[in-house]
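K.L.:
Take a look at this one; I'll ask things after.
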């Protein structure tokens, strides 16, 4: 009887751990602490890539146009998984190629907008909103 209870408890524990391991990062990403951390991490990686000059004031214009940093982060991650986006943040070369591909795709599919006299892709506007220069 004790072995059966122990076996049931062990099976329950293992199934719980497996379920937790399979929990998609997209569900975890809804937590405000995670969103703040990811937003900060993305802004730091983008600032390192763009340079100290930033976006020349376009970040303020992007925010004035109604795009919040949280919405910008959501749009940057919308065409892939959060895990892939995190991997891209860890390497400048990966991040640059990811953003270049997104920008080409934006122009090819018409996801562009005029902002402060510039024709920018949706990706460029999101970067500006995240950096907020």
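K.L.:
Among 107, 85, which comes first, second and so on when ranked by fewest other beta-carbon atoms within 10 Å?
P.N.:
Exposure proxy ranking, most exposed first: 107, 85.
K.L.:
Where does each of 90-98, 117-125 land if you order them by average Cβ count within 10 Å, highest first?
P.N.:
Result, highest mean first: 117-125, 90-98.
K.L.:
Let me ask you something else. What nm distance separates the two modelled labels at residue 50 and residue 94, each placed 7 Å from Cα along Cα→Cβ?
P.N.:
2.2 nm
Throughout, read-outs are computed from the coordinates displayed, never taken from laboratory work. These figures come from a predicted structure and were not determined experimentally. Reconstructed Cβ throughout: ideal geometry from the backbone, glycine too, with neighbour counts over all protein chains shown.
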